[in-house]
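Asker: Once you've had a glance at the structure underneath, I'll fire off some questions.
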Amino acid sequence: MGLLRTILALLVVGSHLGAFGGATFAVKGFFIISGFYMALVISTRYHALPISDFYASRLLRLLPLYWVVGLLTVAAEILLVPHGQQFHKLASPIANGSGLDLSSLPFPILIYVVLSVTTMLGLDTGQWLGFDCVGGQLSVAPDFGPNTTNVVDLSPVPQGWTIGIELLFYLIAPFVVRRSIWFILSLCVFSLAFRAALMVAGFSGYPWSRALFPSELVYFLLGVLGYRLYLIIPDLHFSARKEAFIAAMVLIIAVIYWPIDYVFRGSLIWNTIPYVLIAGGIPFLFKWTKDNALDANIGELSYPIYTCHIFVMGLIKWSPINAAPFLGSGWPRHILTIILVIITAFLLDRLLVLPLDRLRLKFGAKPRIDSHMLEQSTSS
């Protein structure tokens, strides 16, 4: 399933480049995969371990990379960007925070800003909740007040808002994923009902369609239900060919989804059914790929790609490469950017994430597949 995760991360990169769409689909797909994996690890490796070990492992996986890329972004903006200009249209914390008066903000707002920007917990609220830069008065999208900012604009890694939603799921996951199917289905109904209520009230577009945890919860839960399906696959007696076909269906949906989405966007049923299909296909894809070392190592790049890609885009913008005649615009620029994002992600994975993964072993994390196994997988 590693290849799928990396494809979804690259869909986000391509969307932010303007090369192709699919970012919303990719994020919701990540939520499903996250629900599947969390149900798997909580039901197996963390079944007899303290909940604190699960939380520690998750935070070690997510936060250090966010901090490093965030510090690199701030440093690049300080060193490369003229005063008053943006490092990148999506990530320019110094320019976006130039009018912010931290000393005058109410203490609760200050705590909210610091917690969200440093840990990503609460960063998702920045998609719909703003506050005055001086007095801290709150306002809600789309009727933001004057002189308003939000925690997403202040974050050096603004795409981390989706991780903020994941962190909320991680908080409740140990208390949910092992409950009965009826309980999980009831939560799915609640999540869909919450979204339907938003739509009836007129909150059907961005950001309400993808940035509220109660309405996004259904995607994580679909992943949990996918894990329950994975447990009974042996009882279904499917042939290997049929399992491979179902697994391939997941990637096919990922390829063809977003052009059709533009036609049917807004329908609650349409916005749910494709993800139900993905949740049904992921267990077979996982069964097909879980022992494939190459696939696993490709998947390790998905989070670094997702985290660093806007930083790399900003570097390109403010480097001599930006004016190079061979770069031009359109696909030459897109392809080079994607290549540089992958290279940067690989370096971050090897220099930062891999050593931290060794530390996470103390908290019950699964060991990475080593290079010897990778060679065996590649040659087989």
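Asker: What is the magnitude of the charge dipole of the chain about its Cα centre, with +1 placed on the Cβ of each Lys and Arg, -1 on the Cβ of each Asp and Glu, and no other charges, expressed in debye to the nearest 20? The partial results should precede the final answer.
Answerer: On the way: 24 positive and 19 negative charges, 153 e Å.
About 740 debye.
Asker: On to the next question. Given the whole protein assembly as supplied and a 1.4 Å probe, what does the accessible area of residue 354 come to in Å², nearest 10?
Answerer: 30
Asker: Moving to a separate point now. How far, in degrees from 0 to 90, does helix 23-43 lean away from the longest principal axis of the Cα atoms of the chain, to the nearest 10?
Answerer: 50
Asker: Now a separate question. Simple spin-label model, 7 Å along Cα-to-Cβ: residue 334 to residue 321 in nm?
Answerer: Result for the modelled spin labels: 1.7 nm.
Asker: Any chance you could give the angle, 0 to 90 degrees and rounded to 10, that helix 273-289 forms with the longest Cα principal axis of the chain?
Answerer: 60
Asker: Over the chain, give the accessible area per residue in Å² for a 1.4 Å probe, as an integer.
Answerer: With all protein chains present, the chain gives 46 Å² per residue.
Asker: Semi-axes of the range 6-151's equivalent ellipsoid from the Cα gyration tensor, sqrt of 5 times each eigenvalue, largest first, rounded to whole Å?
Answerer: Square roots of five times the eigenvalues give 31, 21, 17 Å.
Asker: What length, rounded to one decimal in nm, is gained on full extension from residue 143 through to residue 354, with 0.36 nm per residue of separation minus their alpha-carbon distance?
Answerer: 71.6 nm
Asker: If you don't mind, there's one more thing I want to ask. Which order do you get for 89, 317 if you rank them by accessible area with a 1.4 Å probe, largest at the top? Could you put the intermediate results ahead of the total?
Answerer: Numbers: 89 145, 317 90 Å².
Result of the area sort, largest leading: 89, 317.
Asker: Taking a label point 7 Å from the Cα of residue 229 along the Cα→Cβ vector, which residues of the range 278-301 have an amide N closer than 11 Å to it?
Answerer: Once the point is set 7 Å along Cα→Cβ of residue 229, 278-286 turn out to lie under 11 Å by backbone N, inside the range 278-301.
Asker: For labels at residue 71 and residue 104 in the simple 7 Å Cα→Cβ model, what's the distance in nm?
Answerer: Between residue 71 and residue 104, the label points sit 3.2 nm apart.
Asker: If 369, 33, 335 are ordered by their accessible area, calculated over protein heavy atoms with a 1.4 Å probe, which sequence runs from highest to lowest?
Answerer: 335, 369, 33
Asker: At 25 °C and 0.890 mPa s, grab the translational diffusion coefficient of the range 85-145 from Stokes-Einstein with a Kirkwood Rh over Cα pairs, rounded to a whole number in µm² per second.
Answerer: Working: Rh = 12.3 Å.
Estimated via Stokes-Einstein, D reaches 199 µm²/s.
Asker: Sort 192, 71 from largest to smallest accessible area, using a 1.4 Å probe on the heavy atoms of the protein chains.
Answerer: Output order, biggest surface exposure first: 71, 192.
Asker: Here is a follow-up. Please give the calculated 222 nm ellipticity per residue for the chain, where each DSSP H segment of at least 4 residues contributes -39500 (n - 2.57) and the sum is spread over every residue; nearest 500 deg cm²/dmol?
Answerer: Calculated from helices alone, the mean residue ellipticity at 222 nm is -21500 deg cm²/dmol.
Asker: For residue 291 and residue 239, FRET efficiency with R0 = 30 Å and r from the beta-carbon atoms, rounded to 0.05?
Answerer: Computed FRET efficiency for residue 239 and residue 291: 0.95.
Asker: Calculate, axis by axis, the spread of Cα positions in the chain along the three principal axes, and write the results as whole Å, longest axis first.
Answerer: In descending order, the Cα extents are 63, 50, 47 Å.
Asker: Next question. Which percent of Cα pairs goes in each bin when the distances of the range 113-239 are cut into 5 angstrom slices starting at zero?
Answerer: Bins of 5 Å from zero give 2, 10, 16, 17, 17, 14, 10, 6, 4, 2, 1, 1, 0 percent of pairs.
Asker: If you don't mind, there's one more thing I want to ask. Using the C-alpha gyration tensor of the range 300-357, what are the square roots of 5 times its eigenvalues, in whole angstrom, with the largest one first?
Answerer: 25, 10, 8
The values are calculated or read from the model by the stated rules, or taken from the named source; none is laboratory data. Predicted model, so just to flag it, every value in this text is computed and none were measured. In this analysis, Cβ positions are derived from the backbone assuming ideal geometry, glycine residues included, and neighbour counts consider all displayed protein chains. With ligands, DNA and RNA removed, areas are computed over all heavy atoms of the protein, side chains included. Shrake-Rupley method; radii C 1.70, N 1.55, O 1.52, S 1.80 Å.
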